[in-house]
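Engineer: Questions regarding the structure given below will be posed in turn.
Laboratory data are not the source of any read-out in this text; all were calculated from the coordinates shown. The structure displayed is predicted, hence computed values, not measured ones. Neighbour counts run over all protein chains shown; Cβ positions are idealised from the backbone, glycine included.
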Amino acid sequence: MTVHCRFFARYAEVAGREALDLDVPRGATVAQAVDALRVMLRAGAQLPARPLVAVNREHAALDRVLVDGDELALLPPLAGG
Amino acid sequence: MTRDPIDIGALIANVSDAGRGATVAFLGSVRRSSDDGPVVAIEYSAYEEMVEAEFGGIVTEARARWPGADVAARHRVGDVPLGAASIAVVAAAPHRGEAFEAARYVIEEAKRRLPVWKRERFAGGTARWREE
């Protein structure tokens with residue numbers, strides 16, 4: 001299944017892009033998708049193993065099970081306000 | 001969200017009502033801290049679709065907690081000069097207690113939940129992400 005990954009701020013610089021589609025096995029968790037990104041991206045090791053994430057525009061836990069078509073966003077430490 | 005200077009008057013007008021005798025307006029502005037050096041601007045970026053959703057949720061929560069109150073909020077993105085407002089929250093309620101509490105709730109939740117990032121730009125042309 002495909003997960004639409006998005007990167008923001010410093011993580012977009014690390015990833016060298018703002019988005020990519022990632023193929024993961026059915027039933028994969030957010031943590032497994034993050035692991036795959038850290039391996040797949042050239043500078044992926046610079047991404048934290050346990051980043052803040054959002055799934056479909058809501059804050060989510062790393063053990064959240066993904067479904068086909070989900071939007072997974074990796075969020076650097078928030079600095080709004 | 002807005003790319004333009006925040007119009008606090010428009011936000012106040014959004015929540016004003018003859019039944020609400022207390023209005024609290026909060027502005028968070030770009031500040032220079034002592035270790036920043038010659039910062040000329042701060043560039044805010046955001047996961048804009050999620051900011052809209054989170055802000056909407058926070059406002060809905062505040063209205064539910066303080067049923068007599070109404071709140072409005074904006075976050076600015078793009079380059080924000082030193083001294084200018086990056087975020088504004090306005091709360092109006094029948095009495096000041098609820099107005100202060102609702103405004104405080106919205107700004108604290110916004111700081112905690114909004115996917116917004118800032119990048120400091122220095123006079124020499126360099127920049128760095130500020131994570132705090």
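Engineer: When region A:34-81 is examined, which residues are found to be out of contact with any strand residue (DSSP E or B) (no Cβ under 6 Å at 6 or more places or on another chain), free of Cβ contacts under 8 Å to residues at least 24 places away in the same chain and within 28 Å of B:His75 (Cβ to Cβ)?
Structural biologist: A:Pro48, A:Arg50, A:Arg57, A:Glu58, A:His59
Engineer: Looking at B:Val71, B:Val89, which one is in contact (Cβ under 8 Å) with a residue 40 or more places away in the chain, surrounded by 15 or more Cβ atoms within 10 Å (Cβ to Cβ) and within 14 Å of chain A (Cβ to nearest Cβ)?
Structural biologist: On the way: B:Val71 fails: within 14 Å of chain A (Cβ to nearest Cβ).
None of the others qualify; the one that does is B:Val89.
Engineer: Could you check how many residues of region A:65-79 are surrounded by fewer than 16 Cβ atoms within 10 Å (Cβ to Cβ), away from chain B (no Cβ under 14 Å) and at negative phi?
Structural biologist: Total satisfying the criteria: 3.
Engineer: Collect the residues in region B:15-47 that are surrounded by 15 or more Cβ atoms within 10 Å (Cβ to Cβ) and either in a helix (DSSP H, G or I) or not aliphatic (A, V, I, L, M) (or both), keeping them in residue-number order.
Structural biologist: B:Val15, B:Arg20, B:Thr23, B:Phe26, B:Gly28, B:Glu43, B:Tyr44, B:Ser45, B:Tyr47
Engineer: Let me ask something additional. Looking only at strands (runs of 3 or more DSSP E) that fall completely inside region A:2-60, which ones have 3 or more residues that are out of contact with any helix residue (DSSP H, G or I) (no Cβ under 7 Å at 6 or more places or on another chain)? Full working, then the answer.
Structural biologist: Values: elements: A:2-7, A:19-23, A:52-55, A:58-60.
Strands (runs of 3 or more DSSP E) meeting the threshold: A:2-7, A:19-23.
Engineer: Working carefully through the options B:Glu49, B:Glu54, find the one that is within 14 Å of chain A (Cβ to nearest Cβ) and free of Cβ contacts under 8 Å to residues at least 12 places away in the same chain. Walk me through how you get there before you give the answer.
Structural biologist: Working: B:Glu54 fails: free of Cβ contacts under 8 Å to residues at least 12 places away in the same chain.
On inspection, the qualifying residue turns out to be B:Glu49.
Engineer: Test A:Asp21 against the criterion of being over 23 Å from B:Glu131 (Cβ atoms), surrounded by fewer than 17 Cβ atoms within 10 Å (Cβ to Cβ) and among the acidic types (Asp, Glu), and give yes or no.
Structural biologist: yes
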